[in-house]
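The values are calculated or read from the model by the stated rules, or taken from the named source; none is laboratory data. Predicted model only: the values in this text are computed from it and were never measured. Backbone-built Cβ (ideal geometry, glycine too); neighbour counts: all protein chains shown.
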Amino acid sequence: MRDRFQREITYLRVSLTDRCNLRCVYCMPPEGIGKRDHSQILSLEEIEEIAREAVALGVRKIRLTGGEPLLRRGMTGLCRGLRAIPALRELTLTTNGLLLAEMAGELKAAGVDRVNVSLDTLDPEKYRRITRGGSLDAALAGIQAARDAGLTPVKLNCVLIGGFNGGEIPALAALTAREPVEVRFIELMPIGCAAGLGPEAYLPCEAVLERLPGLEPLEPDGGVAERYRLPGAAGTVGLIRPLSRCFCGQCGRLRLTADGRIKPCLHAREELPLRGLHGPDLRRALEAAVRRKPERRGELSASVPSEAARDMNQIGG
Ligand code: SAM
Ligand code: SF4
């Protein structure tokens, strides 16, 4: 399935819930989200039906995200259902890791290939501050459990935040020295709550290259991350630069929100409702979303917020 600009659309990101057990300052309001009726959120059956149709159209990789995807009851059953779609090549998820210690084995058995875990700091007090109350120990235990269960290679998502974790770049990158993990530094995107943090919160990925001049560039692997390796390291360092480099030219993604809307572009307002659509109608709506993908996002910088009209916990990153 190609869009109007000849980009192959192969990747679907699915937000299973907009609820979360953390309240990261750049993602969610401190009070969390209002209680939603079950009927406002896609059922697991609806998600599987949409995923099957997307795979029939050419999607080959699905990432489950949120909010916190591990909070969604029945999600391992959904993973089994998705894994049974023959043409699907990869099933992954992005999680804060807090529930991984208890769920990693079950997720592996359900067919999840690997996980990305968010980790913005290695300091327990700073972790509590940025997540508004989370336990770093629980996240680290989750990362270990994921590795033990074979949900590998584990990727660690670290959002760079000015005045917060720039000084930890060497320590975070050093996690790759002995373990085959990928530490991915991600530029903070001014969406929803993050836009309210102000331009000072933005720290470009260039800071990683400045602090780690020994990083050796690696061949691109087709993803959005530029990849590097510290000399002799077992793992890799990735840079994801949604602001300082525009990677719209390689965007093969669609995003499904927990309330059943498909977003052709992360940074655009446009969303197409899928609820209640089945068979050919559902297929036509997905094809329309692909046709509606813009060639590139609008302007986006530390001082120009995203046009997306939602917080990140509703979109899934
Ligand atoms: N709760 C899960 C987690 O934290 O990994 C999954 C959902 S979270 C919205 C997905 C990813 O988006 C996380 O790695 C998070 O750090 C990242 N994220 C959230 N808000 C962001 C923002 N404004 N800019 C860049 N990344 C952001
Ligand atoms: Fe929750 Fe993930 Fe958003 Fe943090 S980044 S509040 S863990 S959804």
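Numerical summary
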read-out	value
Failed criterion for GLY232 (all others in (1) surrounded by fewer than 21 Cβ atoms within 10 Å (Cβ to Cβ); (2) within 16 Å of the chain's Cα centre (by Cα); (3) modelled with pLDDT of 95 or more; (4) among the small types (Gly, Ala, Ser) hold)	(2)
Test set (1) loosely packed, with under 15 Cβ neighbours inside 10 Å; (2) of a type outside the set (A, V, I, L, M, F, W, C); (3) within 10 Å of ligand 2 (Cβ to nearest atom) - GLU45 fails condition number	(3)
Residue that is out of contact with any helix residue (DSSP H, G or I) (no Cβ under 6 Å at 6 or more places or on another chain), closer than 28 Å to ILE62 by Cβ and away from ligand 2 (no atom under 16 Å from the Cβ), where the choices are GLU271, GLU200, GLU210	GLU271
Residue match in the range 19-42 (condition: away from ligand 2 (no atom under 16 Å from the Cβ) and surrounded by 22 or more Cβ atoms within 10 Å (Cβ to Cβ))	yes
Subset of the range 276-317 that is among the polar types (S, T, N, Q) and out of contact with any Phe, Trp or Tyr (no Cβ under 9 Å at 6 or more places or on another chain) - its residue that is modelled with the lowest pLDDT	SER306
Any hit, the range 269-278, residues being in contact with a strand residue (DSSP E or B) (Cβ under 8 Å, 6 or more places away or on another chain), within 16 Å of ligand 1 (Cβ to nearest atom) and not aliphatic (A, V, I, L, M)	no
Single unsatisfied condition, LEU93 versus (1) over 17 Å from the mean Cα position of the chain (by Cα); (2) within 16 Å of ligand 2 (Cβ to nearest atom)	(1)
Hits in the range 137-161 - residues which are in contact with a Pro (Cβ under 8 Å, 6 or more places away or on another chain), more than 11 Å from VAL181 (Cα to Cα) and either part of a helix (DSSP H, G or I) or more than 10 Å from ligand 1 (Cβ to nearest atom) (or both)	ASP137
Filtered residues of the range 203-245 (kept if small (Gly, Ala, Ser) and part of a loop (DSSP other than H, G, I, E, B))	GLY214, GLY222, GLY223, ALA225, GLY232, ALA233, ALA234, GLY235, SER244
Strands (runs of 3 or more DSSP E) within the range 1-103 that include 2 or more residues farther than 24 Å from ARG184 by Cα	none
